[in-house]
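Remarks on the structure that follows.
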Amino acid sequence: MPLIRQLKIERFRGIRHLEWSPGSGINGLIGPGDSGKSSVLDAIDLVLSARRSATFTDADFHGLDTARDILIDVTIGDLPASLLDLDRYGFFHRGWDSDIGVTDEPEAGSEIVVSIRLTIGADLDPKWTLFSERAEADDCLRDLPFAERVRLAPTRLGAFAGHHLAWGVRSVLNRIAEVRPAAGAALADAARQARAAFGDAAAAEVADTIAMVRDVAGQVGVAGAEEAEALLDAHGVSFGAGAIALHDGDGVPLRNLGLGSSRLLVAGLQALAGNTSPITLVDELEHGLEPFRIIRLLHQLGAKDAVPPRQVFVTTHSPVVVRELSAQQLWRARRDPDAPDLSLIKLGRNPADQGTLRTCADAFLAPSVLVCEGATEVGLIRGLDLYWTDQGDRPMGSCGVATADGTGSNMLQRALSFAQAGYRTGLWHDSDKELDAEELRALEEAGVMRFFWDEPNTTEMQIFASIADDAIRPLVELAREWNGEESVNGQIRARKADLDLAFDDPLGYDLAERSALGAAATKGKWFKTVSYAETIGRDVLGPHLAGSGGRLVQTVEELRAWILNAPEDGEEDAGDDVEPEYL
Amino acid sequence: MSLFDLPPGAVVAPAGCGKTQTIVDALAGHDGLPVLVLTHTNAGVTALRTRLARSGVPADRYRLATIDGWALKLITLYPGLAGHRNVGSAIDYPGTQDAAVAVLESGVLAPVLRANYGRLVVDEYQDCSARQHRLVRALAAELPCHVLGDPLQCIFDFNGARPDWDGDVIPAFPTVLELDVPHRWVNAGQPELGQWILDVRAELLRGAQIDLRTAPPAVCWIQLPDDQADRQRERAAAVAAVRGRAGAGLLIIGDARPVKSRIDFARATTGVQVIEPVDMSDLITAAGEIEAAAGVDRLNATLRFVSQVIAGVANPLAQRINALRRGPQDPPASDVERTCIRFFAEDGLALVRDILEELRATAGLHVYRPHMLAVMIAALSRATARGIDLRTAAIAEREVQRIKGRPLPARGIGSTLLLKGLEGEHAIILDADPMTAQHLYVAISRASTSLTVFSTDPRVP
């Protein structure tokens, strides 16, 4: 099955430069809006579709600079025998190797491929040609013949699927079987019967009008109109094959199915007809589909097949898709803010990345990720975020920051996964376990920003150590409410027997007392769920932050700054220097 | 049974045993990807294509090319792989072949070859150079290959090395078939002659001699006289004897060198015409002379050319022109003479063409180099029509002939090199003494009906 080995885009819409080698099966593109994901699909469609009928405007030029041509190169491998023809295409045969890339002539051990180039100049007149450097040096311009283009043309599963559910000219229904409904006679008959059945049913309502028409006809002497009647116009009732449409068992047209269902059905039909169409493009795969049907569609497209039946390009914003595909099938669109070259980075290189993908799927859809050691930290930052938003700050979501739960032992691996995939990554962890030098170095090399406490504090310990005096009591009361008063009191007593459980000491609390409370909170897991911690964050920590001190304030302020300073959607910190990998 | 039912290898094809028909039949019955058929000359390609078209073989069953032409195409399509580029119009054939061999031996294009061609057939394999043999072997690594040829017809001289049939060709392409029905002679009603020609192969291949006296009646041996005048008389008599018979297509095999000996023979013998060598150097030289000359000199150059192509015309014509210039003569000036006299006023190439055309149209003249005359006239037309010089036009017309192939005169004289692959009813070998076994075999196998051999001894070669 022919497939795309390499895609090169120069100066097309938002993409100044992209060079990308997609996988042979499904390629899921994720990334911030306007990062160019849809333009990638559009570019493929423009080069490979059989009809050369696209029109272009200045807006298609990167930066509206029409002085420099738009170039889109698609290099196709696994060629059918017809494209190996020596006389016709020998001059265009090139070589492909996954390590070396494209060479202008075939080489030992490389695959023979052919490149198709679309050029658009300031005259807005698109030109398609087979391309090789030696042909270009010879001024040799030649496009593929129509029959070959039809064989390569991609199927696009776009927004509108309705016409595929009837037998109009361009419906996929015509391509599934070699049969077109030859119902001409039956259709004409139906039209006649409709007219007959209608008869003069309109007569009663328009009787007055008819009378006037007959009158006037008589006066002006138009004999034919003196007996005028109101009947169905023959022109108004004529049916073509497109009028034959699929309906469900109750007679409801399938076109009325929800958008997601229509697309799912059409995708399945196109797969049947799709032996001629090796490449499939799907915009917003999840559109209109529940999770279980998203999964169904992905399977339909071959996501789980050991040998992919076709090459598929998908854009998505859905965590369901992220979870369902493997790390090798997902590509993150990333753009350098200073030089808007687009890179598509494969999400997973390690098997461990797959685990992160499964559990933190949502986070992969945001540009910045804060990996938290556990549920407590996740909840806290959420609560703080709510509090700060109430105070008028930008919410975390608007800053493009998502949280991911590191579930303790997984936090390092997850932080590394995100950072190596080019995400702006922060890691917020307790300081009760020492990270070894090796791990610290790995984090630093990956560019992970760390947020932590004074040693050897857990989050609970740091809170109790540093929070304002009048926050202590609300904290304990909430703990009692969630964990049971007796249990909580008991845990406190166990560490400091003489603590006044009324918590109304106006002089505040000393180090020993705070330490005891912190230890009790940690051991007793007082706030160890996301929702509890969220409440703490919003109702206690947030409001009392101003009155607190020490490391608590420092780290929380660092977190706040990191969140608020996230670059605009679609851009990255210049500091993130990740080598893109095109395996 | 089709050739392609046999395993890959060599087909030994003695003269006249249906080699071309074997190829045609194999292609007619072929299914699948086209067969790449390679031969040595463009004329060979044209001849085979015509034969295939006449036999109704669909063109999509085969791809015809010369070995060198195909190699050139290959390195033009993949110049980087070839690492060799021919600059301008001068083609470095050895360099091209070496580059093509390198590309093929690297195996990079194996998928392309297998997607384009189902099989390989190479004709006239005995004429391959060592390089071409290597190229075919490289192709045969990818495609099932049959080569057809005859070691006993290997008469081309090579500057470079030539592969030995038994030592180099057979190990690469073992013999799978030896054609052994002398169709050419059977069809002419002379099976005995054909069988004798086949039978003597064994001796000739061994390097032994054959005795022409023990040949069938269709073969006539005449002892070659020592005296030159006698020689000419005897040979003319032999030609005359053939002329009397019906269906008298005669091939006269003269000395390979000097070419002049054959031209002189044709001039001296009525009814015999020269089979021109492919490079037609005499034509090009004469064209250059006519182009360079002006005025009367051009007329003289034209007359010199006339003497090269028509016997006994130039001198009398010159005398008549001189006489007519002095005053009216009896008989009055003929059309040709009048045209010649116009030369003293104007000297355009159109006038030269008129002279030659008028002479050609004149009855009763012995035009002994008609092909050269015809090509010169065509060159003159081209030169006057396009305003180019005559020599360039002559070269262009020569190239056209190269592809088209020349017409065969009814009684033509040539060398074995020129006559190889041609057929006639009768053949006369003017002097078998200097011939090698290969030249002798090519010469005796030209004729389907009668063979006359002149030599000092009946045992040849």
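Values quoted throughout were computed directly from the atomic coordinates according to the rules given, and no laboratory measurement underlies them. None of the values given here were measured: they were computed from a predicted structure. Neighbour counts run over all protein chains shown; Cβ positions are idealised from the backbone, glycine included.
Once you list every other residue whose beta carbon is under 13 Å from the beta carbon of residue B:197, what net charge do they have if Lys and Arg are +1 and Asp and Glu are -1?
-3
Specify which residue in the list A:467, B:47, B:212 is farthest towards the positive end of the charge dipole of the protein assembly as shown, using unit charges on the beta carbon of Lys, Arg (+1) and Asp, Glu (-1), about the Cα centre.
Checking the options against the dipole of the protein assembly as shown, the answer is B:212.
Over all distinct Cα pairs, what is the inverse of the mean 1/r for chain B, reported as the Kirkwood hydrodynamic radius in Å?
Evaluated on chain B, it is 24.7 Å.
Any idea which of B:314, B:293, B:341 is furthest toward the positive side of the dipole for chain B, if Lys and Arg beta-carbons carry +1 and Asp and Glu beta-carbons -1?
Of the listed residues, the answer is B:341.
Taking each pair of distinct Cα atoms in the range A:418-461 once, what is the resulting Kirkwood hydrodynamic radius in Å?
Over the range A:418-461, the inverse of the mean reciprocal pair distance is 11.1 Å.
Enter the mean number of other protein chain beta carbons within 10 Å of the beta carbon of each residue in A:77-90, as an integer.
Partner-chain Cβ atoms within 10 Å, mean over residues of A:77-90: 4.
Could you tell me which of the pairs A:8/A:304; A:496/A:528; A:37/A:346 are separated by over 18 angstrom between their Cα atoms in the structure shown?
Too far apart for the 18 Å limit: A:8/A:304; A:496/A:528.
With a ≥ b ≥ c the root eigenvalues of the C-alpha gyration tensor of the range B:239-356, is it rounded (a/c under 1.5), prolate (a/b larger than b/c) or oblate?
Here the range B:239-356 falls in the oblate category.
Counting only DSSP beta bridges with both residues in chain B, what percent are antiparallel, rounded to the nearest 5?
Of the beta bridges lying entirely in chain B, close to 5 percent run antiparallel.
Is the shape of chain A rounded, prolate or oblate, going by the alpha carbon gyration tensor and its root eigenvalues a ≥ b ≥ c, with a/c under 1.5 for rounded and a/b larger than b/c for prolate?
Oblate, since a/c reaches 1.5 and b/c is not below a/b.
Putting +1 on Lys and Arg Cβ atoms and -1 on Asp and Glu Cβ atoms, find which of A:363, A:256, A:348 reaches farthest to the positive end of the dipole of chain A.
Selected residue: A:256.
Per residue of A:106-112, count partner chain C-beta atoms within 10 Å of its C-beta, then hand back the mean as an integer.
Average per residue, whole number: 4.
Any idea what angle helix A:259-273 forms with the longest principal axis of chain A, computed on alpha-carbon atoms, 0 to 90 degrees, nearest 10?
60
Please figure out what share of the DSSP beta bridges in the protein assembly as shown is antiparallel and state it in percent, rounded to the nearest 5.
About 40 percent, rounded to the nearest 5.
How far is helix B:93-106 tilted off the main Cα axis of chain B, in degrees rounded to 10, range 0 to 90?
20
Given H placed on each backbone N at 1.01 Å, which residues far from residue A:370 in sequence or on other chains put an amide H within less than 5 Å of it?
A:402, A:403, A:404, A:426
Work out from phi, with θ = phi - 60° and the Karplus expression 6.51 cos²θ - 1.76 cosθ + 1.60, the ³J(HN,Hα) of each residue of the range B:166-171, listed in order in whole Hz, and give x for Gly and Pro.
Calculated HN-Hα couplings, in order: 6, x, 10, 6, 4, x Hz.
Treating each Cα of the range A:196-263 as an identical point scatterer and ignoring solvent, apply the Debye formula and state log10 I(q)/I(0) at q = 0.17 Å⁻¹.
The computed values of log10 I(q)/I(0) come out as -0.76.
Just counting partner chain Cβ atoms within 10 Å, what average do the residues of peptide B:74-80 show around their Cβ?
Shielding by partners across B:74-80 averages 6.
Lysine pairs in chain B with Cα distance under 23 Å, only those 8 or more apart or on different chains: how many are there?
5
Given the rule -39500 (n - 2.57) for each run of at least 4 DSSP H residues, summed and divided by the residues of chain A, what is its mean residue ellipticity at 222 nm, to the nearest 500 deg cm²/dmol?
Taken over chain A, the calculation gives -10500 deg cm²/dmol.
Could you work out [θ]222 nm for chain B from helices alone, using -39500 (n - 2.57) per DSSP H run of at least four and dividing by all its residues? Round to the nearest 500 deg cm²/dmol.
Taken over chain B, the calculation gives -14500 deg cm²/dmol.
For chain A, take the longest principal axis of its alpha carbons; what is the angle in degrees between that and the long axis of helix A:184-198, to the nearest 10 within 0 to 90?
Approximately 90 degrees, to the nearest 10.
Placing unit charges on C-beta atoms (Lys and Arg positive, Asp and Glu negative, everything else neutral), compute the dipole magnitude of the range B:47-125 about its Cα centre in debye, rounded to 20.
It works out to roughly 460 debye.
With no solvent and one equal point scatterer per Cα, compute the Debye intensity ratio I(q)/I(0) for the range B:143-255 at 0.10, 0.12, 0.14, 0.20 Å⁻¹ and report its log10, rounded to two decimals.
For the range B:143-255, the Cα-only Debye profile gives -0.49, -0.69, -0.89, -1.31.
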